[in-house]
Amino acid sequence: MNTSSELTNFQQWCHQIFTCYIFATMGLEMVADRLRPFLNDTRNQSLFIGSGHPDLGNTHSKISMEAAVRNSQKDGSYSSTLAKSLLVFIYTEWDEVFRRDIAAEMGVKVGQVSCDLMGDLRHVRHWIIHNKSRIDGNVSKIKVIEWGLLEGRELSVSSEKFANLIDLINRMNVVIRKAHA
């Protein structure tokens, strides 16, 4: 099925999510660039994040400056964490909102609305939530996403992989299966 206003709504919503991701990762990269000069200091600097005046000691987090820079750089662990969280969000909204809206638009039951890409994303979501981002044997069921996924490896989602997912969403097809008698 290529003509669905609800599918178009889903794709446009995904554009908003991807824009959020890009803006957030741009901010992370700027933070890494601003903190990088402190790495030259030989005193094993720490970064404290808190609220209120620093003398009040209301620290919410403390990490090494080295970890802050490493994790904040392009495709560092912070951007992968954001990407994985947003992929879970995209799948959840697909399954709980947009898939149902497409079914209503087409006058069919939700179970009749199918999409290989969203089936792949369901497995990715499962790995993130239930396997601590460890790819399991269901990798053999992946039909559309081509990220070089290997069973037993940890899933990391780079900006390139996230952009690839959005490209796939922009071209995705939804199939309406016949109702079982």
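The values are calculated or read from the model by the stated rules, or taken from the named source; none is laboratory data. Everything numeric in this text was worked out from a predicted model, so none of it was measured. For neighbour counting, all protein chains shown are included, and Cβ atoms are generated from backbone atoms with ideal geometry for every residue, glycine included.
Computed quantities for the displayed model
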read-out	value
Pick from the range 159-181, criterion assigned to a loop (DSSP other than H, G, I, E, B) and charged (D, E, K, R), ranking: farthest from LEU7 (Cα to Cα)	LYS178
Near pairs, Cβ below 7 angstrom, 6+ apart or cross-chain, from the range 93-115 (closer than 16 Å to ARG177 by Cβ) to any residue that is hydroxyl-bearing (Ser, Thr, Tyr) and exposed (fewer than 15 other Cβ atoms within 10 Å of the Cβ)	GLU105/SER5
Filtered residue count, the range 68-118, keeping only those that are out of contact with any Phe, Trp or Tyr (no Cβ under 8 Å at 6 or more places or on another chain) and among the aromatic types (Phe, Trp, Tyr)	3
Filter pass, ILE145 being hydrophobic (A, V, I, L, M, F, W, C) and closer than 17 Å to PHE18 by Cβ	yes
Of the criteria (1) farther than 30 Å from VAL31 by Cβ; (2) in contact with a His (Cβ under 9 Å, 6 or more places away or on another chain); (3) of a type in the set (A, V, I, L, M), which one MET118 fails	(2)
Residue ID - surrounded by the fewest Cβ atoms within 10 Å (Cβ to Cβ), chosen from residues in the range 74-110 that are within 13 Å of ILE22 (Cα to Cα) and in contact with a helix residue (DSSP H, G or I) (Cβ under 8 Å, 6 or more places away or on another chain)	LYS74
Subset of the range 52-69 that is at pLDDT 90 or above and part of a helix (DSSP H, G or I) - its residue that is surrounded by the fewest Cβ atoms within 10 Å (Cβ to Cβ)	ALA67
Residue that is surrounded by the fewest Cβ atoms within 10 Å (Cβ to Cβ), among those in the range 12-40 that are touching a helix residue (DSSP H, G or I) at 6+ places or on another chain (Cβ under 8 Å) and among the charged types (D, E, K, R)	ARG36
